[in-house]
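Here is the structure we will look at.
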Amino acid sequence: MSDGDTPVGSNLGQLIKQLDAIEFRTDRDLYNYARILRAIGFELYMRVGMDADMVSAILSQYKGKWWTFGAQSKIRAKLVGGHLRAGATAAKVLGLSGVKMYASFVKHFIKPEQEAEAEARKGKGKGRPGFSIGDKPNTGSAGKSGEAGRAA
């Protein structure tokens, strides 16, 4: 989703400011929102995932009291780190939801309009005289040939 419109920063604070600044007025705003949300999700996923590994590694080396043995520390460290990994997965889903939102927008709003425009260009129903906006009038429509598209 990178086409070089506005650079997406790798700093999480900057990304959140960029996301906050977006106002939904055009389809381009939705695209930029999805792009920035994906970058935020990716950044959080990477950071939290790496922190989960670091926490697990540090806690697995904990020696503790006499009743806490080495193997138990490793198991407990995995349990603690697992919560951060779950958070990292949630951040991944967050980023993916932005991409899916834009894909759904394209599917449900942009594609039907493009298909309708293509059907209109094909001349579906050419034999019927009718009203058209933005296209050349049908050859069998009423009016003089030089007056097509003029306001009365």
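The values are calculated or read from the model by the stated rules, or taken from the named source; none is laboratory data. Note that the coordinates shown come from a computational prediction; the quantities given were computed from them, not determined experimentally. Backbone-built Cβ (ideal geometry, glycine too); neighbour counts: all protein chains shown. The protein model used for the area step is the full one, side chains on, heavy atoms only, and it has no ligands, DNA or RNA in it. Shrake-Rupley method; radii C 1.70, N 1.55, O 1.52, S 1.80 Å.
Observations
- Protection proxy ranking of 107-117, 40-50 - average other beta-carbon atoms within 10 Å, highest first: 40-50, 107-117
- Nitroxide proxy distance, nm - points 7 Å out along Cα→Cβ at Asp51 and Lys78: 2.3 nm
- In Å², nearest 10: area of Asp53 left accessible to a 1.4 Å probe: 90 Å²
- Using θ = phi - 60° and Karplus 6.51 cos²θ - 1.76 cosθ + 1.60, couplings along the stretch 18-25 (whole Hz; Gly, Pro as x): 5, 5, 5, 7, 6, 10, 7, 10
- Alpha carbon convex hull of the stretch 22-100, projected area averaged over orientations, nm²: 5.7 nm²
- Accessible surface of Ile58 - all protein chains present, 1.4 Å probe, nearest 10 Å²: 110 Å²
- Nonlocal amide H pairs with Gly123, under 5 Å, H built at 1.01 Å: none
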